[in-house]
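The values are calculated or read from the model by the stated rules, or taken from the named source; none is laboratory data. Since we're looking at a predicted model, the values are computed, not measured. Here the Cβ positions follow ideal geometry from the backbone for every residue, glycine too, while neighbour counts run over all protein chains shown.
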Amino acid sequence: MPKSTVTFMCSECGGESLRWAGQCPHCQAWNTLQEFQVRKSGPGRKPAAAALGPTRSRPVPLSEIESEAAPRRSLAWGELNRVLGGGVVPGSVVLVGGEPGVGKSTLLMHAAQQVAAKGGRVLYASGEESPQQVRMRAARLGPLSSGILLLAETDLDSICETIRAEAPEMAIVDSIQTVTDAGFEGGAGSVTQVRESAGRFMRLAKEIGVPIFLVGHVTKEGAIAGPRVLEHIVDTVLYLEGDRRQELRILRAMKNRFGSAEEIGVFAMGEAGLEEVPDPSAALLANAALEAPGTAVVVVLEGTRPLLIEVQSLVNKTDNNYPPRRIASGMDINRLHMIIAVLEKRASTKLEKSDIFVNVAGGIRITEPAADLGLALSIYSNTRDSPLPDGLVAIGELGLAGEVRRVGQLDRRLQEAARHGLTRALIPAGSKAGRPDGLDVVEVRTLAEAISAAFSSPMKSGAFIREAEASVT
Ligand code: TYD
Ligand code: MG
């Protein structure tokens, strides 16, 4: 009996199942299983495995292996080079994911122009937009260069053949969801097509040493449409994030076989496309609503980079019987719940009858607990309707006992704060860190201590809290 060549794959997590079901057995997502054709030539072997190139090779002593086969190509933007791990690696495949409209095509057209400006040739295969549209965008970004070749094509074979024939310095496929392999069933963007195309681009890139950038659209849930499985195939996964209505864009490395997967690059979208933002803290604090109740400044580390970020809270009393709302934009809602619980229990702040909204400015997402203290102070400040002092930065993780816990790389964070003219820093007690000039550094052991230090109240924290309590309840 011939082996079945069809299985089902989840477009969310890439998990496979032998038969269709309404719910993915791996990630429990609903209606995500799609038919997936398995290659007949290699039953039980994933097509991705073949992407690693020719298998007939001999063992080589570790000491004789060259550190890097070919030098990286530096692009004009330091921010982009940084995220790539120091430049574009020949023969690498980079997936650039992001929501529609965030600026993926713009970013890659900038990169293409930078390569072309240095005399390199770039092949831009567009299945998303007409050549006229691509030209219009390129004209906004910079001079139209003859070094950029546009290919309006969605057929996988044709794109691969053209890349092979032209052997450009860089190839861009915009987007992977529009590419189809005529040898497979399933429309453009289906798991079969997306996975097969990515595998083919991987093999081609390795074979001829041309770096290929793939644009991938992300669904609302955050997975690249078509499958997550794409992330496993390619060398590097970068996500472009940011609110479409705001300027700031963050390019985040999620996976990088050739560098750190922790780096971010910061850009701003304007009239003439993107611009790099080498000093994001200054940009993030530029229009901060300082001295407003509920505003606090925190320092978070993104990779090796400290960023000063403004967080805002709004605490609104509710007088109905519904459970109060907690809305977090730019941070994990569970972390917010924890911080609220600690404020209630350890700083006697009554919040159970208040809606609480927390917003991280600039469309940044905070994932570090080092921002806890600042977030707690911001909520407290709005509850009390009293602004935190100008120039204050709060650094520290909050424990459930209300203790302020130490965080990593405090030196870097304090230096960044001092560099941007902040004058006072609350830090966890017992931290070893230098004291930068111009920054008054105050060690705090607990949230209650931090509250009284922040508001520089002459009262003892207990009395202060009782007063605050009276104003809240
Ligand atoms: P685009 O690169 O087409 O997004 P994607 O490829 O991720 O779908 O960018 C589209 C958005 O960027 C669009 O909303 C307009 C905005 N934009 C500018 O604001 N300025 C510019 O110079 C360009 C080219 C785009
Ligand atoms: Mg696009």
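Of all residues in the range 56-72, those that are within 15 Å of residue 90 (Cα to Cα) have Cβ atoms under 7 Å from Cβ atoms of residues that are at pLDDT 85 or above and surrounded by 10 or more Cβ atoms within 10 Å (Cβ to Cβ), 6 or more apart or on another chain, in 70/90; 70/209; 72/86; 72/87; 72/88; 72/89.
Table: residues versus (1) of a type outside the set (Lys, Arg); (2) under 29 Å from residue 199 (Cα atoms).
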residue: 233; (1), (2): yes, yes
residue: 251; (1), (2): yes, yes
residue: 255; (1), (2): no, yes
residue: 261; (1), (2): yes, yes
residue: 283; (1), (2): yes, no
residue: 301; (1), (2): yes, no
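Annotation note: Cβ proximity below 7 Å between a residue of the range 132-154 that is in contact (Cβ under 8 Å) with a residue 12 or more places away in the chain and over 16 Å from residue 117 (Cα atoms) and a residue that is exposed (fewer than 12 other Cβ atoms within 10 Å of the Cβ) and small (Gly, Ala, Ser) (sequence gap 6+ or interchain) occurs for 152/130.
Please go through the range 204-235 and pick out each residue that is at pLDDT 90 or above and either of a type outside the set (Val, Ile, Thr) or over 19 Å from residue 180 (Cβ atoms) (or both). Even if it seems obvious, please write down each step before you answer.
Looking only at the range 204-235, we keep the residues that are at pLDDT 90 or above, and these are 204-216, 233-235.
Answer for the range 204-235, where residues must be at pLDDT 90 or above and either of a type outside the set (Val, Ile, Thr) or over 19 Å from residue 180 (Cβ atoms) (or both): 204, 205, 206, 207, 208, 209, 210, 211, 213, 214, 216, 235.
Only a single criterion out of (1) surrounded by fewer than 22 Cβ atoms within 10 Å (Cβ to Cβ); (2) outside any loop (DSSP other than H, G, I, E, B) is not satisfied by residue 431, namely (2). So which residues in the range 416-442 are closer than 11 Å to residue 395 by Cβ and acidic (Asp, Glu), if there are any at all? The one that is closer than 11 Å to residue 395 by Cβ and acidic (Asp, Glu): 416. Candidates in the range 342-363 are the residues that are in a helix (DSSP H, G or I) and closer than 18 Å to residue 295 by Cβ; of these, the one that is modelled with the lowest pLDDT is 363.
Counting only residues that are closer than 24 Å to residue 278 by Cα, small (Gly, Ala, Ser) and assigned to a helix (DSSP H, G or I), the range 378-425 holds 2 of them. On the stretch given as the range 269-294, residues that are in contact with a strand residue (DSSP E or B) (Cβ under 6 Å, 6 or more places away or on another chain), surrounded by fewer than 19 Cβ atoms within 10 Å (Cβ to Cβ) and among the polar types (S, T, N, Q) total 0. Among the residues making up the range 155-174, those that are in contact with a strand residue (DSSP E or B) (Cβ under 8 Å, 6 or more places away or on another chain), in a helix (DSSP H, G or I) and not polar (S, T, N, Q) are 156, 159, 163, 166. Mind listing whichever residues of the range 178-202 are modelled with pLDDT under 85, crowded, with 23+ Cβ neighbours inside 10 Å and touching a helix residue (DSSP H, G or I) at 6+ places or on another chain (Cβ under 8 Å)? Once the filter is applied, which keeps residues that are modelled with pLDDT under 85, crowded, with 23+ Cβ neighbours inside 10 Å and touching a helix residue (DSSP H, G or I) at 6+ places or on another chain (Cβ under 8 Å), the range 178-202 yields only 191. Comparison of 173, 102 shows that the only residue that is more than 21 Å from residue 211 (Cβ to Cβ), within 16 Å of ligand 1 (Cβ to nearest atom) and either modelled with pLDDT of 95 or more or surrounded by 18 or more Cβ atoms within 10 Å (Cβ to Cβ) (or both) is 102. Once the range 355-407 is narrowed to residues that are without any contact (Cβ under 8 Å) to a residue 60 or more places away in the chain and surrounded by 20 or more Cβ atoms within 10 Å (Cβ to Cβ), the residue that is farthest from the chain's Cα centre (by Cα) is 404. Exactly one residue out of 128, 161 is in contact (Cβ under 8 Å) with a residue 40 or more places away in the chain and either more than 16 Å from ligand 1 (Cβ to nearest atom) or surrounded by 14 or more Cβ atoms within 10 Å (Cβ to Cβ) (or both): that is 128.
Only residues in the range 268-290 that are touching a residue at least 24 places away in the same chain (Cβ under 8 Å) and of a type in the set (Asp, Glu) count as the first member; pair them with residues that are more than 16 Å from ligand 2 (Cβ to nearest atom) and part of a loop (DSSP other than H, G, I, E, B), Cβ under 6 angstrom, at least 6 apart or cross-chain, and list the lot. Qualifying pairs under 6 Å: 276/77. Residues that are touching a Phe, Trp or Tyr at 6+ places or on another chain (Cβ under 7 Å) and small (Gly, Ala, Ser) do occur in the range 376-387.
Looking across the range 175-199, the residues that are part of a loop (DSSP other than H, G, I, E, B) and either in contact (Cβ under 8 Å) with a residue 40 or more places away in the chain or within 16 Å of ligand 2 (Cβ to nearest atom) (or both) come down to 175, 179, 184, 185, 186, 188, 189, 190.
Any residue that is in contact with a strand residue (DSSP E or B) (Cβ under 9 Å, 6 or more places away or on another chain), farther than 22 Å from residue 410 by Cβ and either of a type in the set (A, V, I, L, M, F, W, C) or without any contact (Cβ under 8 Å) to a residue 40 or more places away in the chain (or both) - is there at least one of those in the range 295-315? Can you show your working first?
Of the range 295-315, the ones in contact with a strand residue (DSSP E or B) (Cβ under 9 Å, 6 or more places away or on another chain) are 295-303, 305-315.
From what is left, the residues that are farther than 22 Å from residue 410 by Cβ are 295, 312-315.
Within this subset, residues satisfying the condition of being either of a type in the set (A, V, I, L, M, F, W, C) or without any contact (Cβ under 8 Å) to a residue 40 or more places away in the chain (or both) are 314-315.
Yes, the range 295-315 has at least one match.
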